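K.L.:
I'd like to ask some things about the structure below.
The values are calculated or read from the model by the stated rules, or taken from the named source; none is laboratory data. The structure displayed is predicted, hence computed values, not measured ones. In this analysis, Cβ positions are derived from the backbone assuming ideal geometry, glycine residues included, and neighbour counts consider all displayed protein chains. Ligands, DNA and RNA are excluded from the accessible area calculation, which covers all protein heavy atoms including side chains. Shrake-Rupley method; radii C 1.70, N 1.55, O 1.52, S 1.80 Å.
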Amino acid sequence: MNKELLDLYSDYLLVTDRYATATGLSAILDGKVSHDKITRFLHEEEYDSKTLWAIVKSKVRGIENAQGVVVVDDTLSETPYSEENELISWHWDHSKGRNIKGINIINLLYCTKEMSIPVGYKTVKKNYGQPQETTKKSKRKCEQTKNEMMRELLGQVINNGVDFKWVMADIWYGSAENLNFIKKECKRDFIVPLKKNRKVALSEAAKNRGQYVSIGSLKLGPGSRIRVYLN
């Protein structure tokens, strides 16, 4: 990997307020680096989470500590005028309450008091079709769910030996399967909000009897703590 070109292109993406192109970067550099060279660099290999870890590993080792936090989130970059393909597809945008066309990325950010560093990511690729009963047309679908991707990425962080205590994630990652994975497989604690309609048991005995109540029905004040058993 040409790290000099990687730094140049990364800086260009951060500062440009226009459509990012290899020609645009070459123009900013007064042609000292040709757009063909930039294009070849971008196509020479498939960049993934392992590539990212190789780049950030030394920085993470310099700041990691036992109280570190891994934040799980997903980013949706809207590309309304691009041609649809496995990478650029339609995704639900929670902030806008509708589907938009763009690139969806699941990312993990390692945070300490010193700084925050990305330690893993996975693009959501909808690379195979599923026939729709009403239209008989094929609808793109990803082979993995976002929850499966999140667990895979967390497993990579554990395998890479990153020292941390907490996992933080948004409400749509708060499934019992995810939380059990964090607690039992990763041996870490978590801070994840739960929807009010989620069902919980207030004791192990109540769980065994199948007696569950909604979180919204619990009378919880600021700072209150209660042990529950997720359905």
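K.L.:
Restricting attention to region 45-70, and to residues there that are acidic (D, E) and either surrounded by 11 or more Cβ atoms within 10 Å (Cβ to Cβ) or touching a Cys at 6+ places or on another chain (Cβ under 7 Å) (or both), which single residue is farthest from M1 (Cα to Cα)?
P.N.:
Taking region 45-70 first, the residues acidic (D, E) are 45-46, 48, 64.
Narrowing further to those that are either surrounded by 11 or more Cβ atoms within 10 Å (Cβ to Cβ) or touching a Cys at 6+ places or on another chain (Cβ under 7 Å) (or both): 48, 64.
Working: D48: 13, E64: 26 Å.
Ranking the qualifying residues of region 45-70, first place goes to E64.
K.L.:
Here's a follow-up. Do we find a residue being of a type outside the set (D, E, K, R), part of a loop (DSSP other than H, G, I, E, B), open to solvent by less than 70 Å² (accessible area, probe 1.4 Å) and touching a Phe, Trp or Tyr at 6+ places or on another chain (Cβ under 7 Å) anywhere in region 211-229? Lay out the reasoning, then the answer.
P.N.:
Our first condition is that a residue be of a type outside the set (D, E, K, R); within region 211-229, this holds for 211-218, 220-224, 226, 228-229.
Going one step further and asking which of them are part of a loop (DSSP other than H, G, I, E, B), we end up with 211-212, 218, 220-224, 226, 228.
Those still in the list that are open to solvent by less than 70 Å² (accessible area, probe 1.4 Å) too: 212, 218, 221, 224, 228.
Checking the rest, the ones that are also touching a Phe, Trp or Tyr at 6+ places or on another chain (Cβ under 7 Å) come to none.
Checked region 211-229: no residue is of a type outside the set (D, E, K, R), part of a loop (DSSP other than H, G, I, E, B), open to solvent by less than 70 Å² (accessible area, probe 1.4 Å) and touching a Phe, Trp or Tyr at 6+ places or on another chain (Cβ under 7 Å).
K.L.:
What do you reckon, is S95 of a type in the set (G, A, S) and either in contact (Cβ under 8 Å) with a residue 24 or more places away in the chain or in contact with a Ser or Thr (Cβ under 7 Å, 6 or more places away or on another chain) (or both)? I'd like the intermediate steps shown before the answer.
P.N.:
On the way: of a type in the set (G, A, S): yes; either in contact (Cβ under 8 Å) with a residue 24 or more places away in the chain or in contact with a Ser or Thr (Cβ under 7 Å, 6 or more places away or on another chain) (or both): no.
In short, no.
K.L.:
Moving to a separate point now. Against the definition (under 30 Å from H91 (Cα atoms), exposed (fewer than 12 other Cβ atoms within 10 Å of the Cβ) and in contact with a Phe, Trp or Tyr (Cβ under 8 Å, 6 or more places away or on another chain)), how does E143 come out, yes or no?
P.N.:
It is true that E143 is under 30 Å from H91 (Cα atoms), exposed (fewer than 12 other Cβ atoms within 10 Å of the Cβ) and in contact with a Phe, Trp or Tyr (Cβ under 8 Å, 6 or more places away or on another chain).
K.L.:
Among the residues of region 71-84, are any surrounded by fewer than 14 Cβ atoms within 10 Å (Cβ to Cβ), under 25 Å from S10 (Cβ atoms) and among the small types (G, A, S)?
P.N.:
yes
K.L.:
With the structure loaded, tell me whether K126 is under 13 Å from the mean Cα position of the chain (by Cα), at pLDDT 85 or above, under 24 Å from E78 (Cβ atoms) and open to solvent by less than 90 Å² (accessible area, probe 1.4 Å) or whether it fails that test.
P.N.:
On the way: under 13 Å from the mean Cα position of the chain (by Cα): no; at pLDDT 85 or above: yes; under 24 Å from E78 (Cβ atoms): yes; open to solvent by less than 90 Å² (accessible area, probe 1.4 Å): yes.
Judged against the criteria, K126 is not a match.
K.L.:
Quick test of your reading of the structure: R198 fulfils all but one of (1) open to solvent by 40 Å² or more (accessible area, probe 1.4 Å); (2) modelled with pLDDT of 95 or more. Name the failing condition by number.
P.N.:
Result: R198 passes all but (2).
K.L.:
Continuing with the same structure: Could you look through region 112-122, keep only residues that are part of a strand (DSSP E or B) and aliphatic (A, V, I, L, M), and pick out the one that is surrounded by the fewest Cβ atoms within 10 Å (Cβ to Cβ)?
P.N.:
Residues of region 112-122 that are part of a strand (DSSP E or B), as a first pass: 116-122.
Imposing the further condition that a residue be aliphatic (A, V, I, L, M) reduces the set to 117, 119.
Working: I117: 20, V119: 26.
Top of the filtered list is I117.
K.L.:
Also: Being hydrophobic (A, V, I, L, M, F, W, C), modelled with pLDDT of 90 or more and either in a strand (DSSP E or B) or touching an Asp or Glu at 6+ places or on another chain (Cβ under 8 Å) (or both), is that true of even one residue in region 143-150? Give the derivation first.
P.N.:
Of all residues in region 143-150, those hydrophobic (A, V, I, L, M, F, W, C) come to 149-150.
Okay, now just the ones that are also modelled with pLDDT of 90 or more, so 149-150.
Keeping just the survivors that are either in a strand (DSSP E or B) or touching an Asp or Glu at 6+ places or on another chain (Cβ under 8 Å) (or both) gives none.
No; the residues of region 143-150 include none that is hydrophobic (A, V, I, L, M, F, W, C), modelled with pLDDT of 90 or more and either in a strand (DSSP E or B) or touching an Asp or Glu at 6+ places or on another chain (Cβ under 8 Å) (or both).
K.L.:
Moving on to the next point. Hey, among the residues in region 49-60 that are of a type outside the set (A, V, I, L, M) and touching a strand residue (DSSP E or B) at 6+ places or on another chain (Cβ under 8 Å), which one's nearest to E114 (Cα to Cα)? Spell out the reasoning first.
P.N.:
Within region 49-60, the first condition is being of a type outside the set (A, V, I, L, M), and the residues that meet it are 49-51, 53, 57-59.
Subset that is touching a strand residue (DSSP E or B) at 6+ places or on another chain (Cβ under 8 Å): 49, 53, 59.
Details: S49: 23, W53: 19, K59: 11 Å.
Once the filter is applied, the top-ranked residue is K59.
K.L.:
Restricting to region 156-178, and then to whatever is closer than 22 Å to S58 by Cβ and part of a helix (DSSP H, G or I), can you tell me which residue is most open to solvent (accessible area, probe 1.4 Å)?
P.N.:
Checking each candidate, the answer is N159.
K.L.:
Could you give every pair whose Cβ atoms fall below 7 Å, whose first residue belongs to region 33-58 and is in contact (Cβ under 8 Å) with a residue 60 or more places away in the chain and within 24 Å of Q156 (Cβ to Cβ), and whose second residue is in a helix (DSSP H, G or I) and hydrophobic (A, V, I, L, M, F, W, C), counting only separations of at least 6 or pairs across chains?
P.N.:
S49/L153
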